[in-house]
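In what follows, a structure is listed as structure tokens, so that the remarks can point back to it.
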Amino acid sequence: MVVAGIACAWAWQLQEELQQANHTMERYAERIADLEDRLSDTDEGLSQNTQAMAVKIKELYSEVDKLWASAWRRNKAKLDELEKASATQGKKLASTEKSLSSAEAQIKSAAADITKLKSVAGDLERLMASAKANGAEVERVADALNRINLDLSKMNKRVQSNEEWVESINAFRRQINSHLTRLQASVRALESASTAP
């Protein structure tokens with residue numbers, strides 16, 4: 001864009017120079033017209049000055065032609081440079097347009113990726129919410145398991161206590177049975193002694 005601006009400024013400068021050359025040509029044309037008017041107004045000495053005036057007019061036309069040729073040569077070179085610069089700028093603009101279209105394609109691809117990522121982010125948020133809910137459920141199950149373990153520990157203690165109590169009762173029962181067996185033996189012995197002659 002900067003080079004295009006410089007090229008435009010340069011073209012404007014060339015246009016100004018052309019306008020100045022045109023202005024100079026117009027002044028010469030005015031002077032020639034003025035001279036022609038003077039010649040037409042004054043008839044005396046016209047035949048003597050006609051050749052001199054014709055020479056001056058030819059000189060003026062020659063000068064005007066030289067000015068036109070000089071301005072054309074200068075401006076032609078500058079115009080050629082401007083055309084080359086314009087062609088170069090055109091190529092750069094074409095390259096920039098290609099880069100821009102490539103960047104637009106990348107932006108569209110990135111936008112599609114962002115849309116996918118937003119969808120994935122939504123899925124992740126749902127998974128996180130589900131994971132939090134599962135974590136809360138795991139904590140609840142762990143608390144219940146801890147309560148069950150405590151209850152089981154209490155029951156184990158009670159069972160152990162009951163087993164000890166049953167063992168104590170069994171020992172007492174064996175002791176009673178032993179005493180009863182001895183008593184029964186004693187009773188039999190007494191009965192057999194009392195029935196014997």
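Quick notes on this one:
- Lys132 meets each of the listed conditions (1) at pLDDT 85 or above; (2) within 30 Å of Ala11 (Cβ to Cβ); (3) among the basic types (Lys, Arg) apart from (2).
- One residue alone among Ser109, Ser70, Ser62, Ser102 is surrounded by 11 or more Cβ atoms within 10 Å (Cβ to Cβ) and not aliphatic (A, V, I, L, M), and that residue is Ser70.
- Residue among Glu83, Glu97, Glu139 that alone is farther than 30 Å from Ala11 by Cα and surrounded by 10 or more Cβ atoms within 10 Å (Cβ to Cβ): Glu139
- Among the residues listed as Arg74, Arg38, the single one being at pLDDT below 75, more than 29 Å from the chain's Cα centre (by Cα) and over 30 Å from Ala4 (Cβ atoms): Arg38
- Test: residue in segment 147-167 that is over 60 Å from the mean Cα position of the chain (by Cα) and not in a helix (DSSP H, G or I): no
The values are calculated or read from the model by the stated rules, or taken from the named source; none is laboratory data. Because the structure is a prediction, the values reported are computed rather than measured. FYI the Cβ positions are ideal-geometry reconstructions off the backbone, even for glycines, and counts take in every protein chain you see.
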